[in-house]
Amino acid sequence: MLRVLYLVHDLSDPAVRRRVLMLTAGGATVTLAGFRRGENRLAEIEGVTPLEFGATADARFAQRLLAVAGAASRLPRLLAGLARPDVILARNLEMLALANRASRHFGGVPIAYECLDVHRLLLNTGLAGKALRAAERHFGRDARLLVTSSPAFVEHYFKPLSGIRAPVHLLENQVLELDGSEPAMQTRTRPDGAPWRIGWFGAIRCRKSLDLLAAFTRHMEGRVEVILRGRPVRSEFDDFDGLIAREPYLRFEGPYRNPEDLSVIYADVDFAWAVDFFEEGQNSLWLLPNRLYEGCRHGALPIVLDGTETARLAMQHGVGIKLADARLETLADRFTAFDEAAYQAFHAHLVATGPRPWILDRADCAAFVQRLATLRQPATPHPAPSLIASKVASEVNCHDR
């Protein structure tokens, strides 16, 4: 059984819970360790007690650097008594730095670097960006695998800019389905005269999306409603609760468990908001967010923005509503011309695609764990990152913040 030490930047992130569930389902034993960034009891994992290094905060980069430095100095004591892992999986750059120290503590353990977002500072052309890329190159020099979630990250960042030279394992943000009990998608029926409902679920961090959806729903005068669920990144909003309270057609309905609650919350909406402007022109263009896969798996048509990797994947499968641009007029015109017959036609095609493109099952989990297990063998030099597969299931060679 593969022993994995999973180092994470935010123990309260639901995506961390999902990754631990995936590793465990694939046959690994997982020791979870890292920082906590706020409380989120729904991200707790039954049977897993994480090793906490301290607390960090969103949008406080200097504080996080100091916290990582402090944890690095205490790491031998923090890890004392832990069994030697077979692999260290480090989520994000700050944990990659700690992974190197942890590897030395255990006498040399192979490291896999998990990077599912490319932070804007890594793309900065000034001294700050150069320093961060140099740090990534330094701490990632011995990484044996790069785990990322979108081929566009490889194309636009890891190949041309990053100093990481490990082989790439593409692990998209599909829905985790472990017991095979999820129902097949069915054609939906909607009550006559009911407003269209758009679900924006997950990490709520994009102020531009919130402003656009607020203006759009007011413009539509009740014909469209927006339901928000998940974790608001409150540092990105002046007053998130006040903003929601002032909007007549927006509702925030709190956090949820992923993947347990997905079928219920997506059954409550007609569309999934899969547009992101958080790092417009960079990460937002390249990411493949959780909500794209979740919505498609559970019958909510994704709304995507032309020119993004999200739109490319949605259009590859012929699903979703593509916006030409992010103007209020474009969104309003699209929905003004939209009727029940058009919706049913789009939805029937989504149902016909089936669940396979949108899910990870136990076989996919086992394939990922097996890929990590190969790191225990002597490394073979690789001159540059190479995209191994577009789906974990085909891997033998395989986003809320």
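The values are calculated or read from the model by the stated rules, or taken from the named source; none is laboratory data. Please read all numbers here as calculations on a predicted model, not as lab measurements. We place every Cβ from the backbone using ideal geometry, glycine too, and count neighbours over all the protein chains shown. What goes into the accessible areas is simple: the full protein's heavy atoms, side chains included, and nothing from ligands, DNA or RNA. Shrake-Rupley method; radii C 1.70, N 1.55, O 1.52, S 1.80 Å.
Computed quantities for the displayed model
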{"read-out": "Lone unmet requirement of (1) part of a loop (DSSP other than H, G, I, E, B); (2) touching a helix residue (DSSP H, G or I) at 6+ places or on another chain (Cβ under 8 Å) for Phe53", "value": "(1)"}
{"read-out": "Total residues in the range 347-368, condition open to solvent by 10 Å² or more (accessible area, probe 1.4 Å), part of a helix (DSSP H, G or I) and either aliphatic (A, V, I, L, M) or touching a Phe, Trp or Tyr at 6+ places or on another chain (Cβ under 9 Å) (or both)", "value": "7"}
{"read-out": "Looking only at the range 109-150, and only at residues there that are in a loop (DSSP other than H, G, I, E, B) and open to solvent by 40 Å² or more (accessible area, probe 1.4 Å), the one that is farthest from Ser284 (Cα to Cα)", "value": "Asp142"}
{"read-out": "Residue in the range 165-181 that is within 25 Å of Lys130 (Cβ to Cβ), part of a helix (DSSP H, G or I), among the aliphatic types (A, V, I, L, M) and more than 15 Å from the chain's Cα centre (by Cα) present", "value": "no"}
{"read-out": "Matching residues in the range 163-201 - criterion: being acidic (Asp, Glu) and crowded, with 18+ Cβ neighbours inside 10 Å", "value": "Glu172, Glu177"}
{"read-out": "Residue within the range 213-222 that is modelled with pLDDT of 95 or more and of a type in the set (D, E, K, R) present", "value": "yes"}
{"read-out": "Looking only at the range 12-27, and only at residues there that are open to solvent by 10 Å² or more (accessible area, probe 1.4 Å) and in a loop (DSSP other than H, G, I, E, B), the one that is nearest to Asp86 (Cα to Cα)", "value": "Gly27"}
{"read-out": "Condition broken by Thr336, with the remaining ones in (1) open to solvent by 10 Å² or more (accessible area, probe 1.4 Å); (2) closer than 21 Å to Val154 by Cα satisfied", "value": "(2)"}
{"read-out": "Pair list, Cβ under 6 Å, 6 or more apart: the range 66-86 residue in a helix (DSSP H, G or I), other residue of a type outside the set (A, V, I, L, M) and open to solvent by less than 60 Å² (accessible area, probe 1.4 Å)", "value": "Ala67/Gly54; Ala67/Thr56; Val68/Glu94; Ala71/Phe53"}
{"read-out": "Strands (runs of 3 or more DSSP E) (entirely within the range 202-296) containing at least 1 residues that are open to solvent by 10 Å² or more (accessible area, probe 1.4 Å)", "value": "224-232, 250-252"}
{"read-out": "Test: residue in the range 28-36 that is open to solvent by 20 Å² or more (accessible area, probe 1.4 Å), closer than 18 Å to Ala367 by Cα, of a type outside the set (D, E, K, R) and outside any loop (DSSP other than H, G, I, E, B)", "value": "yes"}
{"read-out": "Output for the range 151-164, where each listed residue is in contact with an Asp or Glu (Cβ under 7 Å, 6 or more places away or on another chain), in a loop (DSSP other than H, G, I, E, B) and over 13 Å from Glu114 (Cβ atoms)", "value": "Ser162, Gly163"}
{"read-out": "Search result, residues across the range 79-108 that are aliphatic (A, V, I, L, M) and surrounded by fewer than 17 Cβ atoms within 10 Å (Cβ to Cβ)", "value": "Ala80, Leu82, Ala83"}
{"read-out": "Scope the range 299-332; condition closer than 20 Å to Val351 by Cβ, buried (at least 24 other Cβ atoms within 10 Å of the Cβ) and not hydrophobic (A, V, I, L, M, F, W, C); matching residues", "value": "Pro302, Gly320"}
